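The values are calculated or read from the model by the stated rules, or taken from the named source; none is laboratory data. Given the structure is predicted, the values throughout are model-derived calculations rather than measurements. So basically every Cβ, Gly included, is an ideal-geometry build from the backbone, and we count neighbours across all protein chains shown. Accessible surface is based on the protein model in full, side chains and every heavy atom, while ligands, DNA and RNA are left aside. Shrake-Rupley method; radii C 1.70, N 1.55, O 1.52, S 1.80 Å.
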Amino acid sequence: MPTWNDHPVAVVRKPRNKKIYMRYQDGALVVTAPSFITDEQIRQFLFDNKEWIERQEKKQANTALREGGFLYLFGERYGLKKGESTRIENGTLFYTDETAWKSFIRHYATPRLRARFEQVRLRYGFQAVDLRFGFYRSKWGSCTPARRCIALNVNLAFVPLECVEAIILHELCHLEHPNHSKAFYAAIHRRMPDYDERMARLKDIEIPHF
C-alpha cells in the first residue's frame, strides 16, 4: 500500500477513470486512479506532487480541531475548547469526540440551513421541494429533479453565507435544467450575476476535522 510520511494513503481504483487525481477527505489523503495503475506509479505520482501535498497538509493542520483554536459557524467566530460535552457557551464551542461533534453540527446546522434554503427558494420563486441533509464527502449539494428532492451538506455550516446561497440556487436551478448546460448556467447568472465569484471562494474553504 502506498504511504506518505509513513501514513497509509487511501487508494480508490475505478475502471472508467483515465487519470490519477487526489484530494483530502476527512483529514486523510485519498488517491483515485484507473484500475491499471500500479502502487509504484501512485508512489511516483505522490512524489511528483510533493509541493501540493505539503501545502494541503498545512491547511489540514490549520483546520484540525484543537484547544485554543477557533472556527466560524454560520459566520460567527467561536473559540475551541475541549470539554465534557459538545456545546456552545459564551462564545466558546466545547467539543469531545468526533461522534458527538457530528451529532452536534447536524442538529445545530439543519434548522438554520433549512431556513436559509427557504429564503433563497422564495426569493427566486421556486416551488417547495423535499429537502434533506447529510455529511457528504465530495459534494456541497445535489438535486433529483424527478423527485423534486434536494440534499444539502451539513458542513455548509462552515461556509460563508454568500457561498451557501450560491449552492442553494445551483441546486434549485437543476429543477429547471437537470444538467450543466449553457441554459442551466444562464438561469443561475440571470438570478445571481456574481455566482462565479461566490463559487470561487469555495476553493479556499476547509472543513474543521478531528
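Figures for the structure shown
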read-out	value
Among residues of the range 96-119, those that are within 15 Å of GLU171 (Cβ to Cβ) and in contact with a strand residue (DSSP E or B) (Cβ under 7 Å, 6 or more places away or on another chain), counted	3
Pairs where the first residue, in the range 35-49, is among the acidic types (Asp, Glu) and the second is exposed (fewer than 10 other Cβ atoms within 10 Å of the Cβ), C-beta under 9 Å, 6+ apart	ASP39/MET1
Per-region count, the range 46-68, residues farther than 26 Å from PRO111 by Cα, modelled with pLDDT of 75 or more and not basic (Lys, Arg)	10
The range 120-157 - residue that is of a type in the set (Gly, Ala, Ser) and in contact with a strand residue (DSSP E or B) (Cβ under 7 Å, 6 or more places away or on another chain) and, of those, most open to solvent (accessible area, probe 1.4 Å)	SER142
Any hit, the range 131-148, residues being farther than 30 Å from GLU67 by Cα and in contact (Cβ under 8 Å) with a residue 40 or more places away in the chain	no
Residue within the range 25-37 that is touching a strand residue (DSSP E or B) at 6+ places or on another chain (Cβ under 9 Å), over 22 Å from ARG137 (Cα atoms), at pLDDT 80 or above and surrounded by 12 or more Cβ atoms within 10 Å (Cβ to Cβ) present	yes
Sole exception among (1) open to solvent by less than 50 Å² (accessible area, probe 1.4 Å); (2) farther than 23 Å from ARG23 by Cβ; (3) out of contact with any Asp or Glu (no Cβ under 9 Å at 6 or more places or on another chain) for ARG190, by number	(1)
Unmet criterion (only one of (1) farther than 28 Å from GLU206 by Cβ; (2) touching a residue at least 40 places away in the same chain (Cβ under 8 Å)) for PRO178	(2)
